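> I have a structure I would like to understand better, so I am pasting it below and will then ask my questions one at a time.
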Amino acid sequence: MALRVLWVLEASGGGAGRHVADLAPLFLREGVEVHLAYSPLRLAEPLRSALPALARAGVRLFPLPMRRAPHPSDLGALLRLLAYARKAGPFALVHGHSAKGGALARFLGPLLGVPVIYTPHAPITLSPFLLPWERWLYGLAERTLARFTRLAVAVSPWEREELLRLGYPEERVALIPNGVDPSLYPQGAREAARRSLGLEGEFAVGFVGRLDLQKRPLLALEAFAHFLEGGGEGILLFMGEGPLREEVEAVVRRRGLGERVRFIRGRDTRFLMPALDGLLLTSAYEGMPYVLLEAFAAGVPVVSAPTPGLGEWLGGEGLALVAEAPTPEALAAALLQAQQDPHRRASLRARGRAWTEERNLERMFRETLSLYRSLPARSALAP
């Protein structure tokens, strides 16, 4: 009998959506029957564009309205999910992605008598923006739900450390870093991407991601402004949408940067990545961001803020130029160094490509599949 699994996902944008969209076809290839419960309420890229192809490939899709924040409707969502699972099952396991999908999966698993896997994709407790009472409450929720989690999958070493801090036993935390397909960018990808953006000889810096508090686009904008004031030359491409869009545009106007800043809308940023001469990563916290891995695969040097966990890893592995502080001045200095030192850029490109060759999508899939196949031999009930 084919392995049948149920995935639950509310946060379809960004890394969680990319993770699911990339892995599902590979599981189908190995004969695994994949059912995906996703929320149409906050449907976003990249999952939105991937859904038709996933359906054609054979993924069983179950649209299930789920709210991002805790809400009384969560009980109704759980009951609908339970009814679907009993009708479409039996399932070997339930795999919840991100906070809401992970919470529903961990309530569902014991009701079905099957093990639950949880991938947080950057636990909210990593956020420096939480108030003390919020941090306590989210920590309490994770420690409670850990009791119903057979295995938690960390996508980065610092995410693993956070899960251990939250009370997950070490033997029930697996480290499987995110990976991308290194063949995503064939020869000529850079030239094609630059033509499509109308770039002619410009040093192009990219901010790729959601324009929200976590990604800190305003920090990226101020860093680029300081870069220009310090003698740097180039343009900044904002590739992404989000709630801070109007505020970013207002700062562009106030700083007189209209000719030096462009906003790219409605495009698949993965295939624009090779056009960049540098990626500016300013996030306050991260798991293992796909935009970073895509930059590695495309041979784009990365300039990063000293994001906790991520910045230390990037610097230690020699994979990015990491600013000394999360300030516009420090980031501008690192960006200027990247522009003025072609040998350093070449070294970063080589190291990034080597890392994506080693920690690629196929390896991530094989390790996840191995994890799945290990579970039926264990007790179906969470400890």
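The values are calculated or read from the model by the stated rules, or taken from the named source; none is laboratory data. Here the structure is a predicted model, which means the values were calculated and not measured. Using ideal geometry, Cβ is built from the backbone for each residue, glycine included, and neighbour counts are taken over all protein chains shown. Keep in mind that these areas ignore ligands, DNA and RNA; they rest on the heavy atoms of the full protein, side chains included. Shrake-Rupley method; radii C 1.70, N 1.55, O 1.52, S 1.80 Å.
> Take the alpha carbon atoms of region 225-268, find their center, do the same for region 139-210, and report the distance between the two centers in whole angstrom.
Region 225-268 and region 139-210 have Cα centres separated by 24 Å.
> Report the extension gain between Phe203 and Ser49 in nm, rounded to one decimal, defined as 0.36 nm multiplied by the number of residues separating them, less their alpha carbon distance.
52.4 nm
> Can you give the helix-only mean residue ellipticity at 222 nm for the chain, where every DSSP H stretch with n ≥ 4 adds -39500 (n - 2.57) and the sum goes over all residues, rounded to the nearest 500 deg cm²/dmol?
After summing the helix terms and dividing by residue count, I get -14000 deg cm²/dmol.
> With a 1.4 Å probe and all protein chains left in place, how much accessible area per residue does the chain have, in Å²?
43 Å²
> Another question about this same structure. Go ahead and run the numbers for FRET between Arg265 and Phe129, Cβ-Cβ distance against an R0 of 35 Å, rounding to 0.05.
With a Förster radius of 35 Å, E is 0.85.
> Can you tell me how much longer the chain between Arg56 and Asp74 gets when fully stretched, taken as 0.36 nm per residue apart minus their C-alpha distance, in nm with one decimal?
3.5 nm
> In units of 2.2 N^0.38 Å, what is the alpha-carbon radius of gyration of region 192-304?
0.98
> May I pose another question? Looking at region 1-154, send over the antiparallel percent of its DSSP beta bridges, to the nearest 5.
5 percent
> A further question on this structure: Considering just Cα atoms, how many Å³ per residue does the convex hull of the chain enclose?
About 137 Å³ per residue, rounded to a whole number.
> Report the relative contact order of the chain, percent, no decimals, based on alpha-carbon pairs under 8 angstrom and at least 6 residues apart.
Across the chain, relative contact order equals 16 percent.
> Compute the FRET efficiency between Arg86 and Leu175 as 1/(1 + (r/R0)^6), taking r as their Cβ-Cβ distance and R0 = 22 Å, and round to the nearest 0.05.
0.10
> Could you calculate the contour length gain from Arg373 to Arg344, that is, 0.36 nm times the residue separation minus the distance between their Cα atoms, to one decimal place in nm?
6.1 nm is the gain from fully extending Arg373 to Arg344.
> Same structure again: Of the accessible area of the chain, with the probe set at 1.4 angstrom, what percent is carbon plus sulfur?
On the chain, the fraction of accessible area on carbon and sulfur atoms equals 54 percent.
> Name the residues whose placed amide hydrogens come within less than 5 Å of the amide hydrogen of Ala44, ignoring near sequence neighbours (fewer than 5 apart) on the same chain.
Placed amide hydrogens put Ser12, Gly13 under 5 Å from Ala44.
> For the chain, with only Lys/Arg (+1) and Asp/Glu (-1) charged at the beta-carbon, what is the dipole magnitude about the Cα centre, in debye rounded to 20?
1440 debye
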